[in-house]
Structure formats: structure tokens, C-alpha cells
Ligand SMILES: [Fe+2]
Ligand SMILES: [Fe+2]
């Protein structure tokens, strides 16, 4: 990639891929991995580019017909502020770069490295790095050191998964144990508030799930191997999101059917990657694979039901949903713990999640629930959130 790239990866939005018809195979392979729509240059219409914030062009810039079509289209959509051109190395490369610049290229990318580069850039690992000042502020906050350590573990895990490298699970376990100790010391509420102040997107989510799991372990009085398994499962649970483009993960509002299919791959992808590491327990692997299953069989990826879903997975699932509800996003307000527990109670009434796990989680976050599920179903304490 050019060193003079003008736009930080974190600033890039919706990407549209434009390719020459005779390179369609290569184009589709990249666009598919990025979750980006692809348009053939021969059929390109202005409408295809109107919503794009970035366009990736894989076209034969020696072909004047292709250049003419591109110029016609790109000149009419000045709002596309990031224009990446894939360039073949070797003879004529300089001329191709000049041609790309004439078409408004904001950067060039060597064609054979483009898939790996773009995939990394559009994944959660491609976000903007924290500044030294922000790092100091994080470490000074409640639980900050353990949050920074867990964040580092996540970074290593996501990057390891993207490059299919081996990661040290010992470091992950240490970070997870550090979170548990920190939550025991400062309390889950303060720890989660620190995460919300310093993180966003998938990192915020994964850290919140880990903090919520620590709150659960603390409230339930879990110790030893049980607490360690839950903490490891929480920190590892969404590692499979490394292979999902960030603009899908962070998309405000409803996903398209195609995008949801891409998201649904993450538990299996994480399970496959962690299985290869050889030292993750079967219990933790099971929880990673099945944290999106539902008791009534409506979940994914294996549509397990009832007793097929183990106790650790049931706990991880309620921690995951609770964390998703209390996370802050630019476009939606975070729910309070009470509202989040009420949603989970409704979900347990709807046979999606385990009531005992919800009740323990509620107790851990100051929302006591009746012991008997029957009392809940009769509306004993449930106050629905507004809206
Ligand atoms: Fe997940
Ligand atoms: Fe999750």
C-alpha cells in the first residue's frame, strides 16, 4: 500500500468494488470477503456508486475504453472521498499509477496483496490505534490496567485469526483472570463504565462481555476452574468476528439478509480457529461455538435446543446479550442493567434463554428476580422497558 494514503482506515465507510469484466473472478473473491457489492465496469450505472464512501477499482488502466468509463462514472460522484486503485507490479507500473491518479486515486494498492490488505483493513483490527495519551487515560481509570491487557489479548487474537497464526492461550487466560480480579476489586459497574468510556464497536462489546461474565462469576460465587472457564469463554467468544468486515459489524440498524448470513459465520469460524490451537478446553470451545443458540432451537449455527445447550454456554449467552444491551453506540442509547435484565426475562419467557442464568445475572447487577420461574411468567416483578 502507498505510504501516502490520505485517509485513515477508521474513516472509511461503505465500500463498493468496481472491476473489469475479464477480472471478474478476482474481483468477486475480494468483494465477497469484504462484504462489498461488486459492479462490472461494463454495466456500471451512476446509481451503483451514490451510496459509496469508498470505491475500490480493479480495472485495466491500459484499456482506454475502461479508463473512459471510469472517468465518466467517477467524475459524477465527487462525494466518494476514498478511491483505491489496484495496480499490477512490474513493467508499466509507473504509467498505471499516473493513470490512476488522473482518475482521482487517493491511494494505490499492489494487486496481489490487495485481498490481505483490504481484509485486514476492513476487519476489527483495522481500526485507528489508541494514542499514547488515550492509553494513559485508560490505564488511570477504574480497572484500566486489566482492560488494557484484555484489549491487547483481543487484538492479538483477531490478528492471529486473520493471518491464521498460533496465539498464546496462556496470555488470554491471564488477561481473563486479571479482569475477574479487577471486577472483584472495583465492582462490575465501574469496570464496565471504564470500558464504555474508552472503547467502541466490537472491542467494546468483547470487553463488556468479559466484564459482565466477571460480574456473574462474582455474584454467583464461582471460583477456580468454573470461573476461569467462563472468563476464557467470554474473552474468546467473538474471535470469529475477525473475518467479518467492520462495516457490517458496526452497521447501524438492520442488517440485510446477506449481511446477517456473513455475521452468522462467526461462532463457527471462531470455534474452528480455536480448535486448531490445541489447548482450549472442550467446554470453552463448545461455548464459543454455541453462544448464539436458543433453547427453542431458533439459534445458530447448529440449531441446538434445550438440554443440548450446556450450562457454560447458557451463562455465556445471557452475558453476551446483557452486554449487547448495555453497550453504547453512537446511534442508540445504552439500556440500564434493569432494562437489560427485563429484556432477558422476556427472552426466558419466550423460551430463548435460561431463566436460572438470567436470575443469577440479575442478582449480580442489583436486579433481584424471583426464584421460581412461574412467578415471573405470572408477571411478578417484570417491568417492561418503554418502547
Ligand atoms: Fe457472537
Ligand atoms: Fe458477542
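The values are calculated or read from the model by the stated rules, or taken from the named source; none is laboratory data. Quantities reported herein were computed from a predicted structural model and do not represent experimental measurements. All Cβ positions, even for glycine, are placed from backbone atoms using ideal geometry, and neighbour counts span all protein chains on display.
Values for this structure:
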item	result
Subset tally (residues that are surrounded by 17 or more Cβ atoms within 10 Å (Cβ to Cβ) and without any contact (Cβ under 8 Å) to a residue 40 or more places away in the chain) for region 212-237	3
Top-ranked residue of region 163-208 - restricted to ones that are on the phi > 0 side of the Ramachandran plot and away from ligand 1 (no atom under 16 Å from the Cβ), ranked as nearest to the chain's Cα centre (by Cα)	164
Number of the condition not met by residue 281 [criteria: (1) more than 19 Å from residue 202 (Cβ to Cβ); (2) crowded, with 19+ Cβ neighbours inside 10 Å; (3) away from ligand 1 (no atom under 14 Å from the Cβ)]	(2)
Condition check for residue 193: out of contact with any helix residue (DSSP H, G or I) (no Cβ under 9 Å at 6 or more places or on another chain) and either part of a helix (DSSP H, G or I) or over 15 Å from residue 319 (Cα atoms) (or both)	yes
Matching entry among 69, 62, 83 (being at pLDDT 85 or above, outside any helix (DSSP H, G or I) and out of contact with any strand residue (DSSP E or B) (no Cβ under 8 Å at 6 or more places or on another chain))	62
Cβ pairs under 6 Å, 6+ apart, first in region 322-335 and more than 15 Å from residue 198 (Cβ to Cβ), second away from ligand 1 (no atom under 14 Å from the Cβ) and in a loop (DSSP other than H, G, I, E, B)	325/335; 326/334; 326/335; 331/252
Residues of region 309-329 satisfying the condition of being within 13 Å of ligand 1 (Cβ to nearest atom) and closer than 13 Å to residue 229 by Cα	313, 316
Residue tally, condition outside any loop (DSSP other than H, G, I, E, B) and without any contact (Cβ under 8 Å) to a residue 60 or more places away in the chain, over region 33-59	14
Single match in 307, 340, 323 (criterion: farther than 23 Å from residue 269 by Cα, at pLDDT 95 or above and within 15 Å of ligand 2 (Cβ to nearest atom))	340
Any hit, region 79-92, residues being in contact (Cβ under 8 Å) with a residue 24 or more places away in the chain and at positive phi	yes
Selection status of residue 274, more than 16 Å from ligand 1 (Cβ to nearest atom), buried (at least 18 other Cβ atoms within 10 Å of the Cβ) and either under 20 Å from residue 245 (Cβ atoms) or in the same structural domain as residue 226 (by TED's automatic domain parsing) (or both)	no
